[in-house]
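Values quoted throughout were computed directly from the atomic coordinates according to the rules given, and no laboratory measurement underlies them. These figures come from a predicted structure and were not determined experimentally. Cβ atoms come from the backbone with ideal geometry, glycine included; neighbour counts cover every protein chain shown.
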Amino acid sequence: MKQEVRLEPPSLLERVIRLVYPAKCMICDSLLREEASLMLCESCHTLLPRCEKGFVKMPSMPYIHQLFAAYYYDEGLDSAIHAMKFNHQPRLSETFGYLLYEEMDKVSYLPDWDMILPVPMHRRKKRERGYNQSELMALSLSRHLKIPVYSDLLIKTRYTRPQSSLKREERLMNLEGAFDVVNDTAIAGKNILLIDDVSTTGTTLNLCAKILYEKGAAFVYAAVIAIVEK
Ligand SMILES: [Zn+2]
């Protein structure tokens, strides 16, 4: 039986902050109710470009067993995801973690995952930004799915240029050999769900899955907020 999912209401501190900076919809900027948990107004929530394909095999990502995308990438999501990545607002990653769960919960049968792993950020980049948005989303999703997140098992060993700045053929070279697993025993035989914000060419997720399989993972699934339509 499916359990009722609730999001944490805003804390007292968040409510105080909202007196000065009122909570706004992450897509249309309209003002939200003071006690809003999701940073999304009802009409934007209804109009999100839902993917509704469930878990699918992607020819562009041979190492990903199956990929789940909540939405198709569009302008509204683009600015909301950008805000989650660059202006630290924990409510946004919380909102996206919930939205991912909301769409996933419509799938009749979810695989029995042992763990959730966020796509890692190089430690220098994480220090610069202050957080890894995929990790925050994974933590939020984990609370809804009740599956543990391990943020330090899969790591990024090289500081690389942003994938979005590169041509398709440069993307693979940029990331080749950039990921590693810290503790092989911890992932051996495990059923893993990888989390990232957006999938464009799938290079990042595919390379993460490749190293996980090389280190003995049983199955590697992936879930993203949005997929760029080809
Ligand atoms: Zn809105």
> Given H placed on each backbone N at 1.01 Å, which residues far from residue 63 in sequence or on other chains put an amide H within less than 5 Å of it?
Replying inline: none
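Please tell me the relative contact order of the chain in percent, rounded to the nearest whole number, where contacts are Cα pairs under 8 Å and at least six residues apart.
Over the chain, the number comes to 22 percent.
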> By how many nm would the segment from residue 53 to residue 19 grow when fully extended, if each residue of separation counts as 0.36 nm and the alpha-carbon distance is taken off?
Replying inline: 8.2 nm
> What's the FRET efficiency of residue 161 with residue 107 using the Cβ-Cβ distance as r and R₀ = 41 Å, to the nearest 0.05?
Replying inline: 0.70
> Which entries of 24/53; 57/156; 53/106; 57/106; 24/106 show an alpha-carbon separation above 22 angstrom in the structure shown?
Replying inline: 24/53; 57/156; 24/106
> By per-residue mean of other Cβ atoms within 10 Å, what is the highest-first order of 197-204, 183-190?
Replying inline: 197-204, 183-190
>> Suppose R0 equals 22 Å. What FRET efficiency, 1/(1 + (r/R0)^6) with r the Cβ-Cβ distance, do residue 83 and residue 60 give to the nearest 0.05?
In response: 0.20
>> Taking a cut-off of 19 Å, what percent of all Cα-Cα pairs in segment 48-227 are separated by more than that?
In response: 54 percent
> When the Karplus curve 6.51 cos²θ - 1.76 cosθ + 1.60 is applied with θ = phi - 60°, which whole-Hz ³J(HN,Hα) does each residue of segment 112-125 get, with x for Gly and Pro?
Replying inline: 8, 6, 8, 7, 10, 10, x, 4, x, 10, 4, 4, 5, 5
> Per residue of the chain, what 222 nm ellipticity follows from adding -39500 (n - 2.57) for every DSSP H run with n ≥ 4, rounded to the nearest 500?
Replying inline: -11000 deg cm²/dmol
